[in-house]
Amino acid sequence: MAVVSGGVTTISLGDYRVTFAEGTAWTLREAWYKEKPLLLKTGWQQTVINVQVPKGEDPWIGTGHGKEVVESIELCAEGKSYPVADGLSVSGPAFTLRKRSRLGPYAHVSNVTVDASGITEAFEYEVVDDASAVRFMYVFMHCFSNETRDWVACLKDGSEVRGTFLDDNSFSLHEVVRWIAVYAPANEWGAVYVYPGPYDANGGKANMFWNRPRDNKLYFQILPEKELGKKFNYTVRLQAHTAPEAEWKTTANRAAEALGRAYARPRTP
């Protein structure tokens, strides 16, 4: 079921409930798994760019930072598209919130799909104006619940690194990865965050955690294309699961491997 009320789109399917807010340029605000908090509205999520500006001005464009111009927003389900407006209520097996917007010099298409087994974010960009002032882009931002304590990441070469969230405002990881998993021992749930393949950061800081006291925020930072007419795109899949603490890493590995195989499976035209 997908419902729009008070400038908020709420999608509830299977074990997931996900909200998107008009006030933050129709970006993802919160997500729950089995009614346990997965992603929090303690910060902004999805894409922002950082640009060079005169001292004292805000360098951020996008999401709750503002200055993102939403050109169209629609909800897609079972081959049909619906204008996103208060009072909309639609049933279906999966929903895609599709947004077209301008992020400074970039034309941006955001497709966030929620189904009964997780969330897929597929973002497209095209350089349509002078991008010389762009410093970097956070393609993906996710504010994981502070209940998460441990993380593991599979790097580009297949090796793994592990860590514990410190809640001290430090940054950790800074690696190109195939996938990342987080775990919340108090509630025995975990989540995997899986790319179709390891994305190069093009000189950016790649994937990194900000160990904040209010959440554990995951970023994917790149140095984006700047040449007029250039196009680029990124996709990530987020899927949660339950597992006892002794088994969480094994469960995460299996879930990530299954999603990797799904990406590799040929799609029916």
Checklist outcome for this item: What helix-only [θ] at 222 nm does the chain give? Using -39500 (n - 2.57) per DSSP H run of at least 4, over all residues, to the nearest 500, the answer is -2000 deg cm²/dmol
Item to check | Model label zone, Asp200; criterion: amide N under 15 Å from point 7 Å along Cα-to-beta-carbon; scope segment 159-190 | outcome: 176-177
Checklist entry - Nearest 0.05, what FRET efficiency do Arg100 and Lys34 give at R0 = 35 Å with Cβ-Cβ as r? => result 0.60
Next on the checklist: Going through the cross-link list Lys67/Lys249; Lys67/Lys217; Lys67/Lys205; Lys226/Lys249; Lys80/Lys249, which pairs have a Cα-Cα distance over 32 Å in this structure?
Outcome noted: Lys67/Lys249; Lys226/Lys249; Lys80/Lys249
Next on the checklist: Quick check on the exposure proxy: order His241, His65 from fewest to most C-beta atoms within 10 angstrom.
Outcome noted: His65, His241
Next on the checklist: Just to verify a number: FRET efficiency for Asp168 and Thr242, C-beta to C-beta distance, R0 = 41 Å, to 0.05?
Outcome noted: 0.90
Checklist outcome for this item: Extension length gain for Ser132 and Glu257 (0.36 nm per residue less Cα distance), in nm, is 41.1 nm
Item to check | Computed label-point distance, nm, for sites Glu22 and Ser89 using a 7 Å Cα→Cβ extension | outcome: 1.8 nm
Checklist entry - Which is farthest toward the positive dipole end of segment 2-264 among Pro213, His108, Pro244, measuring Cα position about the Cα centre, with Cβ charges +1 (Lys, Arg) and -1 (Asp, Glu)? => result His108
Checklist entry - Just Thr148, Thr250, Thr113 to compare: in a GNM of the chain, with alpha carbon springs under 10 Å, which one fluctuates most? => result Thr250
Item to check | Average Cα contact separation per residue, segment 156-269, under 8 Å, 6 or more apart, as relative contact order % | outcome: 29 percent
Checklist outcome for this item: Of Ala246, Ala31, Ala21, the most mobile residue in a GNM of the chain (C-alpha springs, cutoff 10 Å) is Ala246
Checklist outcome for this item: Looks like segment 2-264, by Cα gyration tensor root eigenvalues a ≥ b ≥ c and the a/c under 1.5 rounded cutoff (else prolate when a/b is bigger than b/c, oblate otherwise), is oblate
Checklist entry - Which FRET efficiency value, to the nearest 0.05, is calculated for His65 and Asn111 with the Förster distance at 22 angstrom and r the Cβ-Cβ distance? => result 0.55
Checklist outcome for this item: Within the under-11-Å Cβ sphere about Ser81, not counting Ser81, Lys/Arg +1 and Asp/Glu -1 give a net charge of 0
Checklist outcome for this item: For segment 27-56, listing trypsin sites (Lys or Arg not before Pro) in a DSSP loop whose Cβ sees at most 15 other Cβ atoms within 10 Å gives Lys34, Lys55
Checklist entry - Pick from Glu22, Glu78, Glu30: which is most flexible by mean-square fluctuation in a GNM of the chain where alpha carbon atoms under 10 Å apart are linked? => result Glu78
Next on the checklist: Treating only the Cβ of Lys, Arg, Asp and Glu as charged (+1, +1, -1, -1), what charge dipole size does segment 2-264 show about its Cα centre? Round to the nearest 20 debye.
Outcome noted: 100 debye
Checklist entry - Do you know the relative contact order of segment 2-264, to the nearest whole percent, from alpha carbon pairs under 8 angstrom that are 6+ apart? => result 17 percent
Checklist entry - What is the extension gain from Arg214 to Arg149, computed as 0.36 nm multiplied by their sequence separation minus the C-alpha to C-alpha distance, in nm to one decimal? => result 22.2 nm
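Every number here is computed from the coordinates shown, using simple stated rules; none is lab data. Keep in mind that what you see is a predicted model, and the values were worked out from it rather than measured. Cβ atoms come from the backbone with ideal geometry, glycine included; neighbour counts cover every protein chain shown.
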